[in-house]
Amino acid sequence: IAIQKLNGYQFENNALRVSYIPDENSEQEGSQRGPDNGRRGYGPRGGPRGGSPGSGMPPKPPHADIPLRLLVPTQYVGAIIGKEGATIRNITKQTQSKIDVHRKENAGAAEKPISIHSTPEGCSSACRMILDIMQQEAKDTKTADEVPLKILAHNNFVGRLIGKEGRNLKKVEQDTDTKITISPLQDLTLYNPERTITVKGSLEACSNAEVEVMKKVREAYENDIAAMNQQTHLIPGLNLGALGLFPSSSNMPPPPPGNASGSAPYGCFGAPEQETVHVYIPAQAVGAIIGKKGQHIKQLSRFAGASIKIAPAEAPDSKMRMVVVTGPPEAQFKAQGRIYGKLKEENFFGPKEEVKLETHIKMAAAAAGRVIGKGGKTVNELQNLTAAEVVVPREQTPDENDQVIVKINGHFYASQLAQRKIRDILTQVKQPQKGGMGSGPSPNPQGFTEMGSPTQGLTQDHQPRRK
């Protein structure tokens, strides 16, 4: 559709022409266009991206989605590019990579980022060549005795690179005979979520360290994508890219089919209402969530568009603390996602351990039966569907507002799916079906559906297996 609409479109007295670049022509066109290739990068573009319309290809494997990002001294950028782009074209040709030199970013900065898009082997080869050029340039100009390798990595992956008590990082240092340091968390902002990994050693040692560092980063990325793919196709209407869990240069999976309307992502009852969720975190993690002088929690609140408050400890020796998150569904998704991510980054959970937290939602006591269902059927189906543990304590006494608590325990995506399904049930309780929304009254009144669809109960695929 985009190509059809853009073809022939008049812009500043020029007619636009849009088409895919076929595989067999891409390299030839890249060499004819000169160093800029008509865009900011260097190197052949290739055919339609895997998973794009008309490509007939499955989505690309995760390793192709995360580039190697380097930070290089500005004075060496010219040597890396070479006269009329000759040097960098040679690198892209030899390593089968695409390289973006972000020359215009951070004008006047002492260092500039470079993004390398290729296979892991291609990225490593290009990195080695760039490092060699910088070290030779430093030697020729006598500007530095050594040029360290600086790798940029999204903060969400750095905790797993470091490992519990720094074990992963120490192993990389020992195996490659390098000294590795990582920029402090205080340098991060919501607009700059990357940490700088500085590697010092010989050219050979730095190159070997890059391979090991990026192996850990890609592994963390692939694990996050796999966890996301398990659950997110069941959460329609949520903008996963806005969560900020993944680098901006990575390719987020496409939204699930069947939700093209997009006009009412949280159901058909108008604008999403404010929700309050209580998230329980380890007491020792409170400082990490608040940040220095409250900086982190303020940034998180602004980013998510939610109110985030740490409740006082229930007792001096409490092992868990309650975080009160108030905001609409997407704000809840962003805020809770960052809380889960922060606990992982700060190593409150092991490198291969899933972050599982308990969250509480309050509901009218009269609605509890709808969540439980006849003989516990609905809550059992809810647990089977979401992989979260959902408990509605039967013996609890309603509070002064005649509300009771439902407890949810699970990893982030399981918890989010369970929260959305429970909210969906509560919406149905508040606003019973009216004529015209469906084909009549639901044959399974305690059933729940995908958000924004008429109540029809669970599909056969979602029914628990009966022995």
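So here's what we get for this one:
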| item | result |
| --- | --- |
| Test: residue in the range 56-63 that is surrounded by fewer than 20 Cβ atoms within 10 Å (Cβ to Cβ), over 19 Å from Cys206 (Cα atoms), aliphatic (A, V, I, L, M) and modelled with pLDDT under 95 | yes |
| The one condition in (1) in a loop (DSSP other than H, G, I, E, B); (2) over 23 Å from Ile225 (Cβ atoms) that Val404 fails to fulfil | (1) |
| Wholly within the range 308-392, helices (runs of 4 or more DSSP H) carrying at least 2 residues that are within 29 Å of the chain's Cα centre (by Cα) | 329-345, 377-386 |
| Any hit, the range 95-105, residues being free of Cβ contacts under 8 Å to residues at least 24 places away in the same chain, in a loop (DSSP other than H, G, I, E, B) and touching a strand residue (DSSP E or B) at 6+ places or on another chain (Cβ under 7 Å) | yes |
| Test result for Ile197, among the β-branched types (Val, Ile, Thr), under 30 Å from Pro73 (Cα atoms), modelled with pLDDT of 50 or more and buried (at least 16 other Cβ atoms within 10 Å of the Cβ) | yes |
| Candidate set from the range 106-151 (those that are assigned to a loop (DSSP other than H, G, I, E, B) and within 24 Å of the chain's Cα centre (by Cα)); member that is farthest from Leu71 (Cα to Cα) | Thr119 |
| Options Ala388, Ala368; residue that is touching a Ser or Thr at 6+ places or on another chain (Cβ under 6 Å), surrounded by 15 or more Cβ atoms within 10 Å (Cβ to Cβ) and either among the acidic types (Asp, Glu) or modelled with pLDDT of 85 or more (or both) | Ala388 |
| Out of Ala138, Ala144, Ala109, sole residue that is exposed (fewer than 15 other Cβ atoms within 10 Å of the Cβ) and at pLDDT below 95 | Ala109 |
| Candidate set from the range 177-190 (those that are out of contact with any strand residue (DSSP E or B) (no Cβ under 8 Å at 6 or more places or on another chain) and either hydroxyl-bearing (Ser, Thr, Tyr) or in a loop (DSSP other than H, G, I, E, B) (or both)); member that is modelled with the lowest pLDDT | Leu190 |
| Count of the range 201-250 residues which are under 11 Å from the mean Cα position of the chain (by Cα), more than 19 Å from Gly159 (Cα to Cα) and at pLDDT 80 or above | 0 |
| Residue in the range 409-416 that is farther than 21 Å from Ala335 by Cα and either surrounded by fewer than 22 Cβ atoms within 10 Å (Cβ to Cβ) or modelled with pLDDT under 90 (or both) present | no |
| Test for Gly436: is it touching a Leu at 6+ places or on another chain (Cβ under 7 Å) and modelled with pLDDT under 85 | no |
| Residue within the range 155-170 that is within 22 Å of the chain's Cα centre (by Cα) and either in a strand (DSSP E or B) or among the aromatic types (Phe, Trp, Tyr) (or both) present | yes |
| Residue within the range 307-324 that is surrounded by 15 or more Cβ atoms within 10 Å (Cβ to Cβ) and at positive phi present | no |
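The values are calculated or read from the model by the stated rules, or taken from the named source; none is laboratory data. Predicted, not measured: the structure shown is a model, and the values here were computed from it. For neighbour counting, all protein chains shown are included, and Cβ atoms are generated from backbone atoms with ideal geometry for every residue, glycine included.
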